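The structure appears right after this line, and notes come after that.
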Amino acid sequence: MHNPASGEGTQVLIDTFGRVATDLRVSLTDRCNLRCTYCMPEEGLQWLGKPDLLTDDEIVRLVRIAVTDLGITEVRFTGGEPLLRPGLVGIVEQCAQLAPRPRMSLTTNGIGLKRTAAALKSAGLDRVNVSLDTLRPDVFKTLTRRDRHRDVIEGLEAARDAGLTPVKVNTVLMPGLNADEAPDLLAWAVENAYELRFIEQMPLDAQHGWKRDGMITAGDILESLRTRFTLTDEGDGERGSAPAERWLVDGGPHRVGVIASVTRPFCGACDRTRLTADGQVRTCLFAREESDLRAALRSGVDDEEIARLWKVAMWGKKAGSGLDDPSFLQPDRPMSAIGG
Ligand SMILES: C[S@@+](CC[C@H](N)C(=O)[O-])C[C@H]1O[C@@H](n2cnc3c(N)ncnc32)[C@H](O)[C@@H]1O
């Protein structure tokens, strides 16, 4: 196999295990207007300063290099909360002009989507994932430490009305809080034509409070859903490199997904590369190393050199997240700062 450190070779982000990254996650900010207990502390997180953040132009340049020189076909904007980034619509608009045009999506808590969904759709956004863990406003307030449940519901409706398709809902279940809501959430998602995906809680909280034996597993979720629905496994053939295993609900066409990042990791089929809001390439959510593209950008190097550095970074991608390794260490940055 060639070594990308030499800058030669094919125009793709391949790692030493032969996996090729085609899906780029771009964090636009580390800030958020919620404080979900499994992600951020109530206060005390150090925010990136404005000079540390990539500018809108720098983000568009890196996405352009990824798409035109490195084979990226899917771009997902995330954060922190990407709707807090003032230049979001403009960034999407510029990325939609790239050739080949990437498919673009947004992972958001939905607050403010009511105002921006139509503009994002016109700018070229294809689809959206809105995070919502509960149908109960009081539980939402406990879980997110903010009283914004109505805003999220309205944001979801606006996304659907704007024609962002599909509208997916990301849900994390926690014991004693919302674990009993799985069937209600699925009934609600079916009724509203949202595609629900449960995500196992991962050790990415800023407080480092995650405990494996305290988490709700994919097995628990499926058992709970089956008390009310008939689920038919779509099988691995349908899953490809998608992290969610999907089930047809009551014979279909509606589906539900479960992302078993902890109990059934999908690292062998991973097709992702990540860019933090301060311009660091991460090869995995759980990576402990980052590669600094911001410094390279600001030192004035050309696109070819940026592409070479990105390829070198991906060459260092590990076989797996290491969650099951006794020596596993949680990354220094929490999910909100990496980009979920
Ligand atoms: C970090 S958020 C960033 C984007 C946006 N603010 C949002 O709420 O979707 C992305 C996703 O990560 C999920 N998330 C955050 N911390 C997590 C954890 N410890 N385990 C599993 N999922 C987590 C959130 O529920 C959300 O669906």
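Annotations
- Number of the condition not met by THR283 [criteria: (1) modelled with pLDDT of 95 or more; (2) more than 16 Å from PRO243 (Cβ to Cβ)]: (2)
- Of everything listed in (1) in a loop (DSSP other than H, G, I, E, B); (2) open to solvent by 50 Å² or more (accessible area, probe 1.4 Å); (3) more than 25 Å from GLY279 (Cβ to Cβ), the single unmet condition for GLY44 is (3).
- Every test in (1) more than 16 Å from the ligand (Cβ to nearest atom); (2) outside any helix (DSSP H, G or I); (3) within 27 Å of TRP315 (Cα to Cα) is passed by ARG25 save one, and that test is (1).
- Cβ-Cβ under 9 Å pairs, at least 6 apart or on other chains, the stretch 299-314 side more than 20 Å from ALA287 (Cβ to Cβ), far side modelled with pLDDT under 95 and surrounded by fewer than 15 Cβ atoms within 10 Å (Cβ to Cβ): GLU304/GLY7; GLU305/GLY7
- No other residue among ALA159, ALA118 is under 20 Å from the mean Cα position of the chain (by Cα) and either open to solvent by 50 Å² or more (accessible area, probe 1.4 Å) or farther than 29 Å from PHE328 by Cα (or both) apart from ALA159.
- When the stretch 265-292 is filtered for residues that are of a type in the set (Lys, Arg) and within 15 Å of LEU204 (Cα to Cα), the ones remaining, listed by number, are ARG282, ARG288.
- Counting only helices (runs of 4 or more DSSP H) that sit wholly inside the stretch 242-340, those with at least 2 residues that are out of contact with any Gly (no Cβ under 8 Å at 6 or more places or on another chain) and closer than 18 Å to TRP210 by Cβ are 335-338.
- Yes/no for ASP69 being acidic (Asp, Glu) and open to solvent by 50 Å² or more (accessible area, probe 1.4 Å): no
- Restricting attention to the stretch 94-114, the residues that are open to solvent by 30 Å² or more (accessible area, probe 1.4 Å) and either of a type in the set (S, T, N, Q) or free of Cβ contacts under 8 Å to residues at least 40 places away in the same chain (or both) add up to 6.
- Qualifying residue in the stretch 189-196 (condition: surrounded by fewer than 15 Cβ atoms within 10 Å (Cβ to Cβ), under 30 Å from ALA158 (Cα atoms) and of a type in the set (D, E, K, R)): yes
- Take the conditions (1) within 29 Å of ILE59 (Cα to Cα); (2) open to solvent by less than 30 Å² (accessible area, probe 1.4 Å); (3) in contact with a Pro (Cβ under 7 Å, 6 or more places away or on another chain); (4) not hydroxyl-bearing (Ser, Thr, Tyr); LEU225 misses just one of them, which is (1).
The values are calculated or read from the model by the stated rules, or taken from the named source; none is laboratory data. What you see is a predicted model; the values in this text were computed from it and never measured. Cβ coordinates were reconstructed from backbone atoms using ideal geometry, including for glycine residues, and neighbour counts include every protein chain displayed. When the accessible area is computed, the model is the full protein with side chains, heavy atoms only, and any ligands, DNA or RNA have been set aside. Shrake-Rupley method; radii C 1.70, N 1.55, O 1.52, S 1.80 Å.
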